[in-house]
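The values are calculated or read from the model by the stated rules, or taken from the named source; none is laboratory data. Everything numeric in this text was worked out from a predicted model, so none of it was measured. No Cβ is skipped: glycine too gets one built from the backbone with ideal geometry, and neighbour counts run over all protein chains shown.
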Amino acid sequence: MADTATPTSDVDPGDAGSSVATIDDEHAPSDDHGDHADHGDHGDHGDHGHATSTGLSNNKLAMWMFLGSECLLFGGLISTYMLYRGRHSGSPTPNQLYNIPLTSVSSFVLLMSSLTMVLAVSAAKRRDDRNTNIWLTVTALLGATFVGAQVFEFTEFYQEGLGFTTNLFGSSFYTLTGFHGVHVTVGIIMLLALVGMLIRSRVPGDKAEVVEMIGLYWHFVDIIWIIIFTLVYLIPA
Amino acid sequence: MSIDTENHDDLTNDAGHSESEHAESAHGEHDEHGLSDRGYVGIAIILAIMTAAEVAISYLDLPGWMFMSGLLVLMVVKFVMVVSFFMHLKFDSKIFTWLFYSGLILAVAVYGVMLATFQFFSRS
């Protein structure tokens, strides 16, 4: 629909949102994530006009749908653990193994990484590239600290005699926390890749939205840990 | 047909929010996109305090119902706070809220039934 494109010079700035909607399809996905579409808030803050049929960013819609489906994945893993946590057939039992002070500190670290992530998103929306990169890097470092603590914990448990196939408790524990650890690791890789792409100006489309997408994933990993920390570590078997 | 990205950026900036407006929003109480940076730090402090309270409860010798309800309430409040403020669900379209919470409610319902089937509740 190249014929319908509107030259930017002819656009009334006050009507930018509706003009964006006429831009050709090839560019619409990246262009409709300006400060309006980015937040998909047509219901609450007035209709700014969007290129998508819902008036919302398709990327953001897909990310929320993905996170909703991830609830089912982790719901299954948490339920399986709840079911089998008592099946340890003697020692080592969960209460003997868990190192609550260490896990509390790593939980705090992951929680603070959510703060640094939201500060990165905030900086990206202000188009403050320098602070965006700094906060993204700090988030990745905090995430790496959390994963490091988890590796240490796994090593400690293994030395205590709890292997993956030792008993049902061990299998369900390692599967649940291991899956979460993999999600954190994937998040760290995405964060570092994003920092590299931002430095080289290789981020496609709207930078703020890309940062926000990765931020949503990161916060999701954090909320899953909030549940795991309480149900797995703090409530005794 | 292509559009000049830089011009377009300027366009959305002029139409929506100027650089100074964005800078202001970083220090103000909140804007339409969520809280200010200071607001996010405040939320993080509350979350940290609640985490400390959870750990404290786990060490206290409380009656069973108080122990369980205390931990579960704190867990749910922390969860909702992160989703609402850090993930901006409170400030975003309700469609996102429905998408996410429908997945969550489905998960809780399905696995709740599963655990009940295995008589989880009667054993604990």
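Side notes on the structure shown:
- Check on B:Met66, surrounded by fewer than 16 Cβ atoms within 10 Å (Cβ to Cβ), of a type outside the set (Val, Ile, Thr) and more than 7 Å from chain A (Cβ to nearest Cβ): yes
- Note on the stretch B:63-124: enclosed helices (runs of 4 or more DSSP H) holding 1 or more residues that are closer than 30 Å to A:Ala120 by Cα and of a type in the set (Lys, Arg) are B:64-81, B:94-117.
- Residue within the stretch B:40-58 that is over 23 Å from the mean Cα position of the chain (by Cα), surrounded by 14 or more Cβ atoms within 10 Å (Cβ to Cβ) and at pLDDT 75 or above present: yes
- Restricting A:Thr132, A:Thr103 to residues that are of a type in the set (Ser, Thr, Tyr), under 16 Å from A:His180 (Cβ atoms), over 14 Å from the mean Cα position of the chain (by Cα) and surrounded by 16 or more Cβ atoms within 10 Å (Cβ to Cβ) narrows the list to A:Thr103.
- A:Ala149 vs. criteria farther than 27 Å from B:Ala53 by Cβ and either out of contact with any Phe, Trp or Tyr (no Cβ under 8 Å at 6 or more places or on another chain) or not in a helix (DSSP H, G or I) (or both): no
- Qualifying residue in the stretch A:208-218 (condition: over 12 Å from the mean Cα position of the chain (by Cα), over 23 Å from A:Thr103 (Cα atoms) and assigned to a helix (DSSP H, G or I)): yes
- Residues that are within 14 Å of A:Ser114 (Cβ to Cβ) and more than 7 Å from chain A (Cβ to nearest Cβ), drawn from the stretch B:69-88: B:Val80, B:Met81, B:Ser84, B:Phe85, B:His88
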